[in-house]
Amino acid sequence: MPGKSISDESTQKRPQARALRRVEAEVETALKTPIDRRGFLKRLGAAGATATAAVATGGCTTSWDTFFQKHYKEMTDEDKERVFARIEKEAEKRFGRRVTVSDPGPLDGVSFAFCISLSLCNGNRKCVHACVEENNQSRNPAIQYIKVVELDRGTLNLEKGTAYYEGDSVPAADKVYLPMQCNQCDNPPCVKACPVEATWKEKDGIVVIDYDWCIGCRYCMAACPYEARRFNYREPQVPRADINPNQGYLSNRVRPKGVVEKCHFCLHRTRNGH
Amino acid sequence: MRTYFQYWRDMLRCAFTGSNVYYAWIALLVLLTASGLAVYVIQLRVGLAVTNLTQQVSWGAYIANFTFLVGVAAAAVLLVVPTYVYHREDIREVVLIAELMAATAIVMCLLFVTVDLGRPERFIHFLPFLGRLNFPLSMLAWDVIVLTGYLLLNLHVPGYLLYQLYRGRQPAKAAYLPFVFLSIFWAISIHTVTAFLYGGFGGRPFWNTAIMAPRFLVSAFASGPAILILVFVAIDRFTDIEIRESIFKFLRRVISIALPLNFFLLGCELFKEFYTDSVHTASAEYLFFGLFGHGLLVPYIWSALAMSGAAIVIFSTERLYRDRRWLIAGSALCVLGVWIEKGMGLIIPGFIPTPTGDLVEYTPSAGEFLICLGIWAFGALIFTAMAKVALAIQHGRLRAQT
Amino acid sequence: MKRTSIQRLSAGQRPSHSRPRAPLLAVMSAIACVACGQSNASPPALEADRPDGRPDQVYVSPRTQSLDTFPCSECHHTVTLQEPTLPPREPHRDLVFAHMPNAGHCYQCHNRDDLDTLRLFTGELVSFDDTQTLCGQCHPAQKRDWDWGIHGKQVGSWRGLKHRYACAACHDPHSPKRPAVKAYPPPSFPHFGIRKEAH
């Protein structure tokens, strides 16, 4: 069916093309420089790209060091010292607090476990807030590793439970409370899911995350059957006075935005015997 | 070498010159792409908080579009097989367009994944030597490999053939045919791997089904041809190139089989969900009926089913599909229906309710919408440019200066 | 070590890493606690599994350090009441008795002849720092769990010194049922959240 042709040079002679050339002439006069149409577009594109890059990198917290930082498992001791020193410096700059970043390794012959007595839990959520204070989690938006679900007594049907119970007087009659956090699974779906091995299970059973390696794809969050993982949708906000200065690289140091975090079994404490 | 530079110069010139309608189209796409990019820059600064994603619903519009587009990319195989296996010469005329559409779809997929990442600058963690790819355990690692491979295949084959045509040479079979056959199997694999992304999680019972991969493939074979129909109608209408009726007939046939099959597989899934009526049915219940009186997705999924149903009627009724306008309508309904059912209607309910029973709905924010629109516009832009160039070369309008 | 808010929970308890003020008493309590095996089942083989073979060290907060009205003999030089009745007078007027309602007999646990000690059903005397032996008479399951460190509060090191709290640190022996408390506020309800309760 007849139609306009694709790359026919005769379009130059059409009245619309003449109008376009007139517009170009006006713009030329306005800019006071001759326009080469293709060059104009190219320059516009380049200017746009530069402006974009400038604005984008203005909010970027990546430097050369961090861009090429190795995975935790590949870091030598010197690498780790450098990285921890950088983190401590950044913390001082950002929060005005001196912090120490440690890296306790798994202990020989130790495999961690933890138990919660569901008969005794009364849902007061003090564990939730103690965890938040210990682990430097963002207060705004609020990230809490532990989720306490209030269920009707006699059922474990989470569909009928709620984590948002007000709790004016707990335990409420005929309710049981189920605190949930990362269960440090033995065959973790999140470890299988992570495309870059940013999360893995350590020798002592703790499933850890290298926050400087995580790309923030949130595939692990989709994989977790316990909804244990949290994502930093923004730069985490932690009040200066509430920073816990005893920090671990794989545990409770203040995370950057755009990475996933979760309960890490307080390895900066448990691996030191506490 | 010099000819190769001339080739690029000629291609770019061809891509960016045309009629005023063409200019308007390109201008619109550039504008939409730029607005998407502008919002993405904001997302880079603020973080993914510009979206409506939450701790409970951590994947949304970006991944929904990604999932749909992987299917569109896989659908190129539907024209590759008749051309190279059954030697249908009429389809051979347009098979390069289909392969270029597949490449475009993969580029859009990669863009959607990039805008979804919290730390996109850490993409180097995927690469060998600099990174640590969790292959073969992570399905996302598989996806990165197969998508990149499929992109390279679908850039090499049309690229090689078009360059040889441009040079006026006969293409060497050994240089492209093995890759063509590889791409046939590879096309199945990309959508299977993407289905396995979801199907392997016991904690998400809405996704944890064996027919995830078959459902993905069947809906891809419905929506891909529908998009191709729309593209060919546009080529037919806006250029002086004629697309044969036999090509439309072939695509219609595929859709008229794939769409009812899609319904059947969906029916199997719904039977399992609602007959068993276990606790795990909550996500399907949310999608189709809502939970506790809330169901943002309910009108969408039902209209998606209605649209697919209407498309089946159109593609089965000769009186209707012979009319170009009904054909366009049917194809558009098919694409929209599958997009809703396999995009938002698949990803979002997987997170509602969460494993701890939390119920949080999701709808894309304005920022997400603009970024998605920007990526779609960018895809349309590069596809328009590539298709225009490909058609020009195929029809002898672009040749190397000897 | 930074104090966490856990440590503000119960009255009379001590911060987890401070040194005991009465070392001899603490050591005696510790040895008594570890050696005392009033339950039928023995604790899990913690000692055997420890790589260094050392038994767990448990320090139990002495109740006598945190009771305002101890020692009783400071006020009660002679005991005149044969059968004490409730409610008591000052300074014990705020004492509420809601324990073993059928008993109601103070001298079931208190020793009339020496108010600074407590007595078991057998007539044996125990110190106020060894309330767990007394409570364990009627509550052997809880006592067994407490011996294993899984009932009540135990903080400290999982492989070293543990700090355990006596029964009376959390349970008022006269009305031991733990009261309902006010919970911390819930997490902020998501913008697109769905409420499950009917309004």
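Under a 5 Å amide H cut-off, with hydrogens placed 1.01 Å from N, A:Lys175 pairs with A:Arg153 among residues at least 5 apart or on other chains. Charged neighbours of B:Phe216, selected by a Cβ distance under 13 Å, balance to -1 (K, R count +1; D, E count -1). Give the long-range amide H neighbours of A:Val148: residues separated by 5 or more places, or on another chain, with amide H under 5 Å away, using H modelled in the peptide plane at 1.01 Å from N. Hits under the 5 Å cutoff: A:Met180.
Is the shape of the stretch B:15-126 rounded, prolate or oblate, going by the alpha carbon gyration tensor and its root eigenvalues a ≥ b ≥ c, with a/c under 1.5 for rounded and a/b larger than b/c for prolate? Oblate. With the simple model of a label 7 Å out from the Cα in the direction of the Cβ, C:Lys196 to C:Arg93 spans 4.8 nm. For chain B, modelled as a GNM whose springs connect Cα atoms under 10 angstrom apart, the maximal fluctuation among B:Ile124, B:Ile247, B:Ile375 occurs at B:Ile124. For B:Gly131, neighbours were defined as the other residues whose beta-carbon sits under 11 Å from its Cβ, and their charges (Lys and Arg +1, Asp and Glu -1) total +1. For the stretch B:71-184, the fraction of C-alpha pairs more than 23 angstrom apart is 38%. Amide hydrogen proximity for A:Ser102: with H placed 1.01 Å from N in the peptide plane, the residues at 5 or more positions away or on another chain lying under 5 Å are A:Gln247, A:Gly248, A:Tyr249. Length gained on full extension, C:Ala141 to C:His76, computed as 0.36 nm times the residue gap minus the Cα-Cα distance: 20.0 nm.
When the charge dipole of the stretch B:2-394 is built from unit charges on Cβ atoms (+1 for Lys and Arg, -1 for Asp and Glu) and taken about the Cα centre, the candidate among B:Leu266, B:Leu153, B:Ile190 whose Cα reaches farthest toward its positive end is B:Leu153.
For the set A:Lys160/B:Lys342; A:Lys175/A:Lys257; A:Lys73/A:Lys160; A:Lys93/A:Lys262; A:Lys192/C:Lys143, the pairs lying more than 32 angstrom apart at their alpha carbons are A:Lys175/A:Lys257; A:Lys73/A:Lys160; A:Lys192/C:Lys143. Estimated purely from DSSP H runs of n ≥ 4, each contributing -39500 (n - 2.57), the mean residue ellipticity at 222 nm for chain B is -23500 deg cm²/dmol once divided by its residues. Using C-alpha pairs below 8 Å separated by at least 6 residues, the relative contact order for the stretch B:309-402 is 12 percent. Across the options B:Ser219, B:Thr281, B:Phe179, the greatest Cα extent toward the positive end of the charge dipole of the stretch B:2-394 (unit charges at beta carbon of Lys, Arg, Asp, Glu) belongs to B:Phe179. Tell me the net charge near A:Pro141. Cut-off is 12 Å between Cβ atoms, A:Pro141 excluded, with +1 for each Lys or Arg and -1 for each Asp or Glu. My count for the surroundings of A:Pro141 gives +3. The separation of the stretch C:108-186 from the stretch B:352-393, counted between C-alpha centres, amounts to 63 Å. Rg over Rh for the stretch C:97-199 works out to 1.17, both radii taken from alpha-carbon positions and Rh defined as the Kirkwood radius.
Averaging the sequence gap over all C-alpha pairs within less than 8 Å and six or more residues apart, then dividing by the number of residues, gives chain B a relative contact order of 30 percent. If a/c stays under 1.5 just call it rounded; otherwise compare a/b with b/c (prolate if a/b is bigger, oblate if not). Do that for chain B, with a ≥ b ≥ c from the square roots of the Cα gyration tensor eigenvalues. Note, shape of chain B comes out prolate.
A simple spin-label model places the labels of A:Asp152 and B:Leu31 5.7 nm from each other, with each point 7 Å out along Cα-to-Cβ. Normalised by the number of residues in the stretch C:108-195, the average gap of Cα pairs under 8 Å and 6 or more apart makes the relative contact order 15 percent. Does anything in the stretch C:143-174 have its amide N under 20 Å from the 7 Å Cα→Cβ label point of C:Thr64, and if so which residues? In the stretch C:143-174, the label zone of C:Thr64 (backbone N under 20 Å from the point 7 Å along Cα→Cβ) covers C:164-170, C:173. For the stretch B:114-125, in order, what is each residue's ³J(HN,Hα) by Karplus, 6.51 cos²θ - 1.76 cosθ + 1.60 with θ = phi - 60°, in whole Hz (x at glycine and Pro)? Per residue, the Karplus-derived 3J(HN,Hα) values read 4, 6, 7, 6, x, 10, x, 5, 8, 4, 5, 6 Hz. Whole-Hz Karplus values for the stretch C:134-149 come out as 5, 5, x, 5, 9, 10, x, 5, 5, 5, 4, 5, 5, 4, 7, x Hz, taken residue by residue from phi with 6.51 cos²θ - 1.76 cosθ + 1.60 and θ = phi - 60°; glycine and proline positions read x. The angle between the Cα long axis of helix B:2-15 and the main principal axis of chain B comes to about 60°, on a 0 to 90 degree scale. Full extension of the chain between B:Arg322 and B:Leu373 yields a length gain of 15.2 nm, computed as 0.36 nm times the residue separation minus the alpha carbon distance.
Note on C:Lys182: aspartates and glutamates with a C-alpha under 17 Å away, same-chain residues under 8 apart excluded, are A:Glu150, A:Glu166, A:Asp168, A:Asp174. Ordering B:Arg252, B:Arg92 by accessible surface, largest first, gives B:Arg92, B:Arg252; the 1.4 Å probe counts only protein heavy atoms, with every chain in place.
Backbone phi angles across the stretch B:355-367, fed through the Karplus curve with coefficients 6.51, -1.76 and 1.60 (θ = phi - 60°), yield HN-Hα couplings of x, 8, x, 6, 10, 9, 7, 8, 8, x, 7, 4, x Hz in residue order; Gly and Pro are listed as x. Computed from the C-beta positions of B:His395 and B:Asn20, the FRET efficiency with R₀ = 25 Å rounds to 0.70.
The values are calculated or read from the model by the stated rules, or taken from the named source; none is laboratory data. Since the structure is predicted, the reported quantities are computational estimates derived from the model, not experimental observations. In this analysis, Cβ positions are derived from the backbone assuming ideal geometry, glycine residues included, and neighbour counts consider all displayed protein chains. To get the accessible areas, we keep the full protein, side chains included, count just its heavy atoms, and leave off ligands, DNA and RNA. Shrake-Rupley method; radii C 1.70, N 1.55, O 1.52, S 1.80 Å.
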